[in-house]
1. Considering every residue within the range 172-181, establish whether at least one is in contact with an Asp or Glu (Cβ under 8 Å, 6 or more places away or on another chain) and of a type in the set (V, I, T).
2. Taking the range 165-190 on its own, how many of its residues are open to solvent by 10 Å² or more (accessible area, probe 1.4 Å), touching a strand residue (DSSP E or B) at 6+ places or on another chain (Cβ under 9 Å) and part of a loop (DSSP other than H, G, I, E, B)?
3. Scan the range 56-93 for residues that are aliphatic (A, V, I, L, M) and in a loop (DSSP other than H, G, I, E, B) and jot them down.
4. Please go through the range 100-111 and give me each residue that is open to solvent by less than 20 Å² (accessible area, probe 1.4 Å), closer than 14 Å to L51 by Cα and outside any helix (DSSP H, G or I), ordered by number.
5. Looking at R70 and the list (1) open to solvent by less than 40 Å² (accessible area, probe 1.4 Å); (2) modelled with pLDDT under 90, which single condition is not satisfied?
6. From the list S195, S129, which residue is in contact with an Asp or Glu (Cβ under 7 Å, 6 or more places away or on another chain) and at pLDDT 95 or above?
7. Of all residues in the range 61-97, how many are over 20 Å from A158 (Cβ atoms), in contact (Cβ under 8 Å) with a residue 40 or more places away in the chain and not basic (K, R)?
8. I'm checking my understanding of the structure. Among residues of the range 143-164 that are touching a Pro at 6+ places or on another chain (Cβ under 8 Å) and open to solvent by less than 50 Å² (accessible area, probe 1.4 Å), which one is farthest from G184 (Cα to Cα)?
Amino acid sequence: MSRILVVDDDRITRHVLRKVLTGAGFTVTVVRDGVDALKVLRHRRFDLLLLDVWMPRMNGLDLLERLRTRKSRPRVIVMTSDEAPETLLEAVRQQAFKYVHKPIAAVELLQTVRDVLKAPEPPAIEVISARPDWVELVVPCQREAVEHLQGVMAKLDADLAPDVRESIAYAFRELLMNAIEWGGRLDPGRTVRISYLRAKRMLLYRIADPGPGFSIDELPHAAIGGPADDPIAHMQVREEKGIRPGGFGLLMVRGSVDELLYNERRNEVVFVKYLEDGGARSGPLHTDARTQIK
């Protein structure tokens, strides 16, 4: 039975979380802020922290920083209604396992808790810059980093229209996966550097991998390396080499962004998405109409 520590200054939230989590079979302890959490953590071990951010005496980010110095600490889900990119990035810097926005439906919360408890240890992400208009990250060459980072970066683009978010997410995932798999050879001792720049009418990503680069002429098994008038010519090459069907990734990336630029060695790539009217959606953010934890 997993042990969960809830840290939140709102009495109703503590009560609801205790009821929901206990009903699902977890052992739950609740405290009102980071100071009380540290006292409890000195004497008891927990598998998971559900951590609010803004609390009196000691906030959640300060608590995370204190916990980083410990050899063993529980996994942490940061829960907050604060949508500021700086808060998200600071949580990433302090190695929070997951970041979720309040309000959150009880069913979704339970699924998130179960997923975090059973997930493998996440890759360590180094935050070089945490400005909302200029983010720089260094990540190890592990597939798990792609899943972890995609959720983080999606939150930075949460104010964009759904179709814009989808095209950006696809390009980011495909290019980061290529950098980690082909540039870094899935070696966790090697790293990929990611830059994210957000201007009023433009969004730019830069991904630099540690590999030697590549040549388009060396990719006959990929659609982007084939004749421009025959986008499926590479399929025969893949079949002859015994490679699974596919190979459309870079070609689809080119179609989903406005600019795609490589350096000479092609081990660094930049993609740009232009934003009409600043790219932001009008109207309030969507919230779940079901029972929610605020």
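The values are calculated or read from the model by the stated rules, or taken from the named source; none is laboratory data. Because the structure is a prediction, the values reported are computed rather than measured. Every residue, glycine among them, receives a Cβ derived from its backbone with ideal geometry; neighbour counts consider all protein chains shown. Accessible surface is based on the protein model in full, side chains and every heavy atom, while ligands, DNA and RNA are left aside. Shrake-Rupley method; radii C 1.70, N 1.55, O 1.52, S 1.80 Å.
1. Yes, the range 172-181 contains at least one residue that is in contact with an Asp or Glu (Cβ under 8 Å, 6 or more places away or on another chain) and of a type in the set (V, I, T).
2. Final tally of qualifying residues: 4.
3. To start, the set of residues in the range 56-93 that are aliphatic (A, V, I, L, M) comprises 58, 61, 63-64, 67, 76-79, 84, 88-89, 91-92.
Result: M58, A84.
4. Result: V100, I104.
5. So R70 meets the others, but not (1).
6. Numbers: S129 fails: at pLDDT 95 or above.
Selected residue: S195, the only one of S195, S129 that is in contact with an Asp or Glu (Cβ under 7 Å, 6 or more places away or on another chain) and at pLDDT 95 or above.
7. Total satisfying the criteria: 2.
8. From the range 143-164, those touching a Pro at 6+ places or on another chain (Cβ under 8 Å) are 144-145, 148, 155-156; that's our starting set.
Still in the list and also open to solvent by less than 50 Å² (accessible area, probe 1.4 Å): 145, 148, 156.
On the way: A145: 12, H148: 17, L156: 25 Å.
So the residue we want is L156.
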